[in-house]
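Written below as structure tokens is the structure these notes are about.
The values are calculated or read from the model by the stated rules, or taken from the named source; none is laboratory data. The shown structure was predicted, so the numbers you read here are calculated from the model rather than taken from an experiment. Don't worry about glycine lacking a Cβ; one is built from the backbone with ideal geometry, like all the others, and counts go over all protein chains shown. Just so you know, the surface numbers come from the protein's heavy atoms only, side chains and all, with ligands and any DNA or RNA stripped out. Shrake-Rupley method; radii C 1.70, N 1.55, O 1.52, S 1.80 Å.
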Amino acid sequence: MKKFMKWLGLAVAGLALLTAAPHVVRADTWSQPVATIGSSLTADQKSGTLSTLQNAAGVNNASQLTVNGATLVKYLNPSGSTFTESSGVWSSALVQKTDNGGINVKIVPYNGTNNITTITADQYRNAALTAGVSNANLYITSAVRIDGSGALAGVYAAFAQNGENLNNQQINAAQQEVNTLSSITQANKDKDGYSDKQLNNAVAGAKQQMASQSNNGQQTLSQNQIGNIVDSQLKKNNLTTIINNNQRQLIINLLVNVQKAGSLKNNDFKAQAGKLADSIQNSAKGLFDKLNKSLNTEENRNFLQKIWDGIVSFFNGIAQWIQSLIK
């Protein structure tokens, strides 16, 4: 009875706090989606780019934001890029803020051709998560073949235009992440058993695991702890024998930077990372079903091997005991 009264008192106190607190309503969606258009495009290409992006998003009311060399310098150079204010920009994006659903990216062909040569859709998504983006649909395209950096800078600028200035340290960590994951994918793209989706799923899973173990950034994880998380995610995605030691260390370093930048402290980071990992897996269900089956088979094999080793050890022990009696 005393225990019941104690809990009842706590419940009443909690209710009093809730009723006393002001009710804050936050509008997560924007009044309009934002189309970020590369400044180096011709007039026809700009018109075609806007139509391509709006058709993909199913909208016709996007506001326009020009992305130029100065935008690249502002958002990308602090992480080590060497753009100038006269640098050209061709890749473009449409940013549609939502109130749920996680971060979704679609690279849209321009006149039937995918001209984004380097950054993959999942790399865009992981970078956006690190930078502090949550619940947004991102559509990316380019009228000419280009790596896609301009589109990512445009995403950051679109948030700033809507009063959501993303943390500079997190943007820097996001850019370093894009560079790292792109280089690892380029190095391994022709290897059997490797895909960019496996790598990005491993990184997204590591982010979710880090957020959980650090209590949403309240506790700092050591580099060794982050290394253990990376190892578990590489194993889960069947990349242990493909990712070499140098690449493993690069992944650890980028996740250390993600933690230092404060990304884990975002209240929604863990949930967004989980949604990202689930979405990557759903987008390549056949691949990940095959991986899970392979891992389960390996675990079962290891379990049976342990049983067999135990049986062999038991009878070897009996044989040695008998031999000792004979002697």
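State which entries of LYS74/LYS270; LYS197/LYS236; LYS74/LYS260 exceed 23 angstrom in Cα-Cα distance in the structure shown.
LYS74/LYS270
When each pair of different Cα atoms in region 107-237 is counted once in the 1/r mean, what is the Kirkwood radius in angstroms, to one decimal?
Evaluated on region 107-237, it is 16.0 Å.
Counting only protein heavy atoms and a 1.4 Å probe, tell me what percentage of region 114-179's accessible area is made up of carbon and sulfur.
After summing per-atom areas, the C and S share lands at 36 percent.
What does the accessible area per residue of region 102-225 come to in Å², with a 1.4 Å probe and no ligands, DNA or RNA counted?
Each residue of region 102-225 exposes 36 Å² on average to a 1.4 Å probe.
Of LYS207/LYS265; LYS106/LYS191; LYS207/LYS275; LYS106/LYS275, which pairs sit farther than 18 Å apart, going by alpha carbon to alpha carbon?
Distance filter (> 18 Å) returns LYS106/LYS191.
Hey, any idea what % of region 235-289's accessible area is carbon plus sulfur with a 1.4 Å probe?
Of all accessible area on region 235-289, carbon and sulfur atoms account for 46 percent.
Just the number, please: percent antiparallel of the DSSP beta bridges in region 62-183, rounded to the nearest 5.
That works out to approximately 55 percent antiparallel.
Provide the three semi-axes, in whole Å and in decreasing order, of the ellipsoid equivalent to region 23-124 as defined by the square roots of 5 times the Cα gyration tensor eigenvalues.
Calculated on Cα positions only, the semi-axes equal 24, 19, 15 Å.
According to the square roots a ≥ b ≥ c of the eigenvalues of the Cα gyration tensor, what is the shape class of region 165-230, taking rounded for a/c under 1.5, prolate for a/b larger than b/c otherwise, and oblate for the remainder?
Oblate, because a/c is 1.5 or more while a/b does not exceed b/c.
Could you work out the local net charge near ASN224, counting Lys and Arg as +1, Asp and Glu as -1, over the other residues with Cβ closer than 15 Å to its Cβ?
Charge balance in the 15 Å sphere: 0.
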